[in-house]
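The values are calculated or read from the model by the stated rules, or taken from the named source; none is laboratory data. Keep in mind that what you see is a predicted model, and the values were worked out from it rather than measured. All Cβ positions, glycine included, derive from the backbone under ideal geometry; neighbour counts span all protein chains shown. Note: areas computed on protein heavy atoms with side chains; ligands, DNA, RNA excluded. Shrake-Rupley method; radii C 1.70, N 1.55, O 1.52, S 1.80 Å.
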Amino acid sequence: LSIVNEDGVLKVTITCPDRLNSVTSQMLNQMADALEAADGVRVAVFGGEGRAFCSGAVMVPGAVDDQILAAIERVISAITKAPFPVVAAVNGLAAGLGSSLALACDLQVTKASGYFLQAFINVGLMGDGGAHMCLAGTLGRARAARLLMLGERLPNKEAFAAGLGSHCVADDDFDRTVEELVERLANGPTMAFSRIKSAINAAAISQLDEVLALESAGQTVLGNSADHQEGILAFTQKRPANFTGA
């Protein structure tokens, strides 16, 4: 994880391209630390190294770690409560928690070639990181159910057309767009940005803490289920899972 605070811009970059930038509880807590202790920050930008933004959390097969759930709640809360704009530079795949991290940010610049994915259902789990609120609040109940219950990819072009993400640009324009947006926010009226962010979040995600708690409780139960064990086993054996609802 690379964290740089310079000239009013806090840059948080996930630097694990060999595992598609999956994150640990320690990394998530470091992200939260950086946001909560930000000194003189006018804008923050989250990004990923390589071809993925973030492929989700590193989890122990067949179990759901309480530490990762607590870290997820903490970093999502830190992003949404930071008194400055937070930009997600979504350079590629945003899956699972990676999708939730991006959507928790105030603005998202996505590459046209990328996609969002919530594939927890394939191993008998549910979304986390506020995914249910962000997806249902933006896409509507039915489209959110489709993504979370069927685990389908949502291409960034379609996501943007549906209101998910603030910018979707050609791959060649991605770096320039992120740079220009961050510069504009860094040089803008920080106090106004903060008040606008608070008002938007009050209107759109006022129940986020409640949803995060529901997701954490649900993941804990599901992580100990027979279906989750079967989902993990089927994944490692590269075969369809035989879920029984237990």
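Using Stokes-Einstein with the Kirkwood hydrodynamic radius over Cα pairs, what translational diffusion coefficient do you get for region 119-177 at 25 °C and a viscosity of 0.890 mPa s, in µm²/s rounded to a whole number?
For these conditions, the coefficient is 196 µm²/s.
Starting from the Cα-Cα distance between residue 6 and residue 26, subtract it from 0.36 nm times their residue separation and give me the gain in nm to one decimal.
Result: 4.9 nm gained on full extension.
Using a 1.4 angstrom probe and counting only protein chains, how large is the accessible area of residue 39 in Å², to 10?
Looks like 120 Å² after rounding.
Report the dimensions of the chain along its three principal axes from the alpha-carbon atoms, largest first, rounded to Å.
55, 34, 34
Please give, to one decimal in nm, the separation of the simple spin-label points placed at residue 122 and residue 192, each 7 Å out from Cα toward the Cβ.
Calculated label separation equals 4.5 nm.
On a full-extension model of 0.36 nm per residue, what is the gain between residue 15 and residue 183, subtracting their alpha-carbon distance, rounded to one decimal in nm?
My answer for the length gained is 58.2 nm.
Compute the distance in nm between two label points, each set 7 Å from the Cα along the Cα-to-Cβ direction, one at residue 199 and one at residue 173.
Going by the 7 Å Cα→Cβ label model, 2.9 nm.
Search the structure for amide H atoms under 5 Å from the amide H of residue 48, placed 1.01 Å from N in the peptide plane, and list their residues when 5 or more places away or on another chain.
14, 91
Compute, for region 20-93, the length of the dipole vector about the Cα centre, with Cβ point charges of +1 (Lys, Arg) and -1 (Asp, Glu) only. Units Debye, rounded to 20.
260 debye
Based only on the alpha carbon positions, what is the Kirkwood hydrodynamic radius of region 58-120, in angstrom?
Radius from the Kirkwood sum: 12.8 Å.
Note down the accessible area of residue 178, probe 1.4 Å, to the nearest 10 Å².
Answer for residue 178: close to 20 Å² accessible.
Full extension from residue 238 to residue 213: what is 0.36 nm times the residue separation minus their Cα-Cα distance, to one decimal in nm?
Here the answer is 5.8 nm.
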